[in-house]
Each structure stands twice: as C-alpha cells, then as structure tokens.
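One structure is given below, encoded as structure tokens.
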Amino acid sequence: MRLVNIGYGNMANASRIIALVSPDSAPVKRLVQDARDAGRLVDGTAGRRTRAVLVMDNGSVVLSSLLPETLSVRLQDEGGGGEAALKRGEKNQDE
C-alpha cells in the first residue's frame, strides 16, 4: 500500500484513488453532498478551502486543500511526497 500526502499531515491510499477532480462544477458539488449525506465523506482540509476532491474505489470521497495539479505530481512521484515538484521550484501548498 502506497500512501500519498493530501496535505496537513493527512494521507490517502494512492492505489484506491480513481479520480482527482476540482470541486467547482455542479456535478462534483452534488457528489460531495451525496457522500456527506451518506457518511462517506472524509474531510482532509484541516478547515481550509477545498481545492481537490478525490473519488475512491470504495465509494468514499476525500476532500483536500491542495490543488489537483499538486496531488497529481505527488501521485506520479515514486515517494508520493512531491520532492520532484519542489526540485522544479513549484510552490509547496502544505505550508
């Protein structure tokens, strides 16, 4: 099992993620509300603004305050920690 940092010390199982989307569209907002109503929502934002929604293969929905692009880089990195993005000079969204 490989974990990916989704921000502020929160981790998600990378092998269970099936979609990584922006929370701005109406269908995604409905998906988040339906998951909240059904008790399948995991809020990993630490009280900050939701910038990415992770849809898991078991039907749960995870909220992250990191940008989808940042999470995508972390998923592609071997370690899942975003070290390659930092080496390229991209801003770390965790701090």
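What tally of residues in region 12-50 results from selecting those that are under 18 Å from Q76 (Cβ atoms) and of a type in the set (K, R)?
Within region 12-50, residues that are under 18 Å from Q76 (Cβ atoms) and of a type in the set (K, R) number 1.
On the basis of being at pLDDT 95 or above, in a loop (DSSP other than H, G, I, E, B) and of a type in the set (A, V, I, L, M, F, W, C), does L71 make the cut?
No; evaluated as a whole, the condition is false for this residue.
Is it true that S64 is in contact with a helix residue (DSSP H, G or I) (Cβ under 8 Å, 6 or more places away or on another chain), surrounded by fewer than 18 Cβ atoms within 10 Å (Cβ to Cβ) and modelled with pLDDT of 95 or more?
It is false that S64 is in contact with a helix residue (DSSP H, G or I) (Cβ under 8 Å, 6 or more places away or on another chain), surrounded by fewer than 18 Cβ atoms within 10 Å (Cβ to Cβ) and modelled with pLDDT of 95 or more.
Being without any contact (Cβ under 8 Å) to a residue 24 or more places away in the chain and not basic (K, R) is the filter here; which residues of region 24-41 pass it?
The answer is D24, S25, A26, P27, Q33, D34, D37, A38, G39, L41.
Of all strands (runs of 3 or more DSSP E) completely enclosed by region 1-61, which ones contain at least 1 residues that are out of contact with any helix residue (DSSP H, G or I) (no Cβ under 8 Å at 6 or more places or on another chain)?
3-7, 10-13, 17-21, 41-43
Take the residues of region 22-53 that are loosely packed, with under 14 Cβ neighbours inside 10 Å and among the aliphatic types (A, V, I, L, M): which is nearest to the chain's Cα centre (by Cα)? Talk me through it step by step, then tell me what you get.
Of the residues in region 22-53, the ones loosely packed, with under 14 Cβ neighbours inside 10 Å are 22, 24-27, 29-30, 33-34, 36-39, 46-47, 49.
Next, only the ones that are among the aliphatic types (A, V, I, L, M) stay: 26, 38, 46.
On the way: A26: 18, A38: 20, A46: 12 Å.
Checking each candidate, the answer is A46.
The values are calculated or read from the model by the stated rules, or taken from the named source; none is laboratory data. Just so we're clear, the structure is a prediction, and the values are computed from it rather than from any experiment. Neighbour counts run over all protein chains shown; Cβ positions are idealised from the backbone, glycine included.
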